Amino acid sequence: MRIISRYVIRHFLPTFTLALVTFVGLYLIIDFFEKVDNMLEKHVSTLQIALYFLYKTPFIVTQGIPMAVLLGTLISLGILKRNRELIAFETAGVNPASYIMPIVSTALLLSLVHFGVGETLSRAMNQRAQRLWQQEVMQNQASVSYSHENVWYHGNGVIYQIRLYDRSNQTMQKVSLFYTDSQFKLTQRLDAKRFRWDKNRWIAEDGLILRFEGTKTTQEWFQQRELNLRETPRDFERLETIPEELGWLDLYKYSRKIRLEGYNSTPYEVELHMRMAFPLTTFVLALLGITIALRQGMHGGITLSVGIAMIVAFLYLTLLQLGSGMATAGILPPWIGVWAANVIFASLTGYLWMTKN
């Protein structure tokens with residue numbers, strides 16, 4: 001690495017690190033005071049409280065990286081310009097790429113780190129935090145990730161209507177099965193108070209079977225019956241899958257599969273694009289920060305840089321939330337809604353760079 005590149009990085013990294021630590025610290029403090037009363041009310045131990053916020057830290061770090069990169073870029077280049085060091089570089093015939101590319105390369109690397117950490121450590125730890133919150137604070141109250149109501153599922157030759165599916169203990173409540181022939185004519189109906197998964201098969205409890213043979217209908221009551229069904233708990237879990245629980249590749253396969261099966265895949269497609277668009281924000285905001293810093297006058301200080309960063313971050317998050325919300329509502333295609341913020345800010349960066357004196 002050339003001397004100038006190392007010099008710029010030595011200015012950028014400390015500022016970036018300080019901004020990231022500040023963001024994470026403020027986030028944790030605010031989150032702590034919002035939730036500590038609920039935790040103390042449920043007599044959650046100090047260790048469990050500490051673990052909860054420790055589990056959330058990787059997620060908070062990934063959320064703070066784009067803002068920290070923007071601040072680090074604005075402040076570090078702003079200081080170099082205010083001290084006339086950038087002018088000295090240009091006077092000496094140094095190519096601007098020599099002091100721009102180190103920040104661009106670092107931002108691109110951080111975007112990849114953001115994506116990687118978000119797909120592994122952050123997601124896993126955040127799930128632990130949510131599970132701890134449910135178990136210790138909500139006192140094991142069922143959450144959406146463990147149960148699902150009013151499920152309709154088209155299986156192999158049978159249609160399921162399930163009043164409540166509980167993934168945690170692999171049971172169904174108030175189940176109706178509709179058996180059809182090759183012409184989709186109803187041949188049999190089974191109603192049961194409860195289904196449970198036991199030794200690789202479904203056991204129906206307290207139910208009634210209705211068989212339709214022409215104009216004749218027969219019925220049979222039962223207390224317990226083993227069922228020969230191809231569907232397993234894994235098939236029903238996917239109906240209640242929360243997008244955040246899946247890795248990117250699994251989410252891609254899952255969204256494609258349910259779209260082909262005729263289910264609404266929009267929330268999953270929005271999350272899929274968000275997984276890629278948000279990490280790339282780090283790179284886009286770094287480019288924008290470089291352009292803004294080089295356009296500032298000699299008197300642009302740290303306060304001005306922080307103010308600009310806050311405004312840019314607010315506008316970006318507003319556009320991102322608006323676009324993703326419109327995509328989730330079906331107003332915009334998922335890829336347009338999610339990527340709109342990055343495209344707009346990248347275009348703004350290009351315009352500012354082209355009009356720079």
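Within the stretch 314-335, not a single residue is more than 28 Å from the chain's Cα centre (by Cα), part of a helix (DSSP H, G or I) and not acidic (Asp, Glu). Filtered by the rule that a residue be crowded, with 24+ Cβ neighbours inside 10 Å and β-branched (Val, Ile, Thr), the stretch 65-103 gives Ile65, Val69, Thr73, Ile75, Ile103.
Only one of the listed residues (Arg259, Arg238) is within 19 Å of the chain's Cα centre (by Cα), at pLDDT below 90, more than 30 Å from Ile103 (Cα to Cα) and surrounded by fewer than 16 Cβ atoms within 10 Å (Cβ to Cβ). That residue is Arg238. Would you say Thr46 is over 16 Å from Ala293 (Cα atoms) and modelled with pLDDT under 95? So Thr46 fits the description; yes. Selection of first residues in the stretch 81-94 that are within 15 Å of His11 (Cα to Cα) and assigned by TED's automatic domain parsing to the domain that holds Gln296 and of second residues that are of a type in the set (S, T, N, Q) and part of a loop (DSSP other than H, G, I, E, B), restricted to Cβ pairs under 7 Å at least 6 apart or on distinct chains, gives the following pairs, ordered by first then second residue: Lys81/Gln296.
Give the residue, chosen from Leu70, Leu74, that is in contact with a Ser or Thr (Cβ under 8 Å, 6 or more places away or on another chain), assigned by TED's automatic domain parsing to the domain that holds Thr303 and touching a residue at least 24 places away in the same chain (Cβ under 8 Å). Being in contact with a Ser or Thr (Cβ under 8 Å, 6 or more places away or on another chain), assigned by TED's automatic domain parsing to the domain that holds Thr303 and touching a residue at least 24 places away in the same chain (Cβ under 8 Å) holds for just one of Leu70, Leu74, which is Leu74.
Screening Leu251 against (1) at pLDDT 90 or above; (2) more than 26 Å from Leu77 (Cα to Cα); (3) in a helix (DSSP H, G or I); (4) of a type in the set (A, V, I, L, M, F, W, C) leaves a single unmet condition, (1).
The values are calculated or read from the model by the stated rules, or taken from the named source; none is laboratory data. Please read these numbers as outputs of a predicted model, since none were measured by experiment. Note: ideal-geometry Cβ built from the backbone for every residue, glycine included; neighbour counts use all protein chains shown.
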